[in-house]
Structure formats: structure tokens, C-alpha cells
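Heads up: the structure comes next, in C-alpha cells.
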């Protein structure tokens, strides 16, 4: 077992935290500490520090300029697709659009959907590259086109 430390980085450890665990939980905790060749206290501190650093890293990556720009582009493309869909619906129902007009608009909508899908993939790959996995924000699919 590792030597007990009552201070770290020159800062004395005077605070205590007490938790209640079941017998099985205590066995699991002790076995993890033993596998790490550390005390139970050191194991808890290390695991919580690692988790805290992981959460901090995820937040930084979520707010990274690359991810923010990809999200901005994705949002802009979705709005374009939505506008095209509204134009298509109006043209088709009130102005008697030609088949070519409707086809062109539908092609535009399909292209927007492809771009959105590609952007979703890029955001997911960026997050995987940096070790973060989060759900991409859901977006409604444009109405029938």
C-alpha cells in the first residue's frame, strides 16, 4: 500500500468526508484501491480528480471555436432549408409552380439535408477526436419537400 498523505502540494488535509456504503460496495472499493496499490482515500481523490478534469475538458471542447462554428453553420443551413421548404409550399399551393420549379426546390432541400448530415458527422468526429461524446442537438426535419 502507498504511504498515507496528510497533505498534498503543501496544503494540509484537515477536512473529512464520511459516506455510508454496503458491505459489497466496501469490498468493491477496497479491491479497486488494492488494484491501484493505493489507499481508499487516495483512490477516491484520484478518481474524483480525473472525473473533474474530464468534465472540464469536455466543457472546453464543447465551447471550442471549431465546434461552435460547425454548429453555427449547421443552424444556418437548417434555416435555409426551412425557408426553401416554405417557398416550395407557397409556390406549389398558390402560384401554380411548374414541375421544374418544384424539382429545383426539392433538390435544394435534399442538398441542405445532405450538408446538415455531413455537419452532424463532422461535429461527432470532432467530439470523438477529443474524447467527448455528447448528443448532438436535435433539429426538426424540414416538412415534406
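Every read-out reported here was derived from the displayed coordinates using simple, explicitly stated rules and does not represent laboratory data. Quick caveat: nothing in here was measured; it's all calculated off a predicted structure. Ideal geometry is used to build each Cβ from the backbone, glycine not excepted, and the neighbour counts take in all protein chains shown.
Quick check for you: which residues of segment 45-78 have the amide N under 16 Å from the point 7 Å beyond the Cα of residue 25 toward its beta carbon?
45, 48
At 4 °C and 1.567 mPa s, grab the translational diffusion coefficient of segment 48-110 from Stokes-Einstein with a Kirkwood Rh over Cα pairs, rounded to a whole number in µm² per second.
89 µm²/s
Given the C-alpha atoms of segment 7-61, compute the convex hull and give its volume per residue in Å³.
It comes to 123 Å³ per residue, whole-number rounded.
With the contact rule set at Cα under 8 Å and sequence spacing of 6 or more, what percent relative contact order holds for segment 65-129?
Once normalised by length, the contact order is 51 percent.
Using the basic label-point model (7 angstrom from Cα toward the beta carbon), what is the residue 110 to residue 47 distance in nanometres?
For the pair residue 110/residue 47, the computed spacing is 5.3 nm.
Nearest 0.05, what FRET efficiency do residue 11 and residue 35 give at R0 = 30 Å with Cβ-Cβ as r?
After rounding, the FRET efficiency stands at 0.65.
Quote the FRET efficiency, to the nearest 0.05, computed for residue 54 versus residue 76 with a Förster distance R0 of 41 Å and r equal to the Cβ-Cβ distance.
Computed FRET efficiency for residue 54 and residue 76: 0.85.
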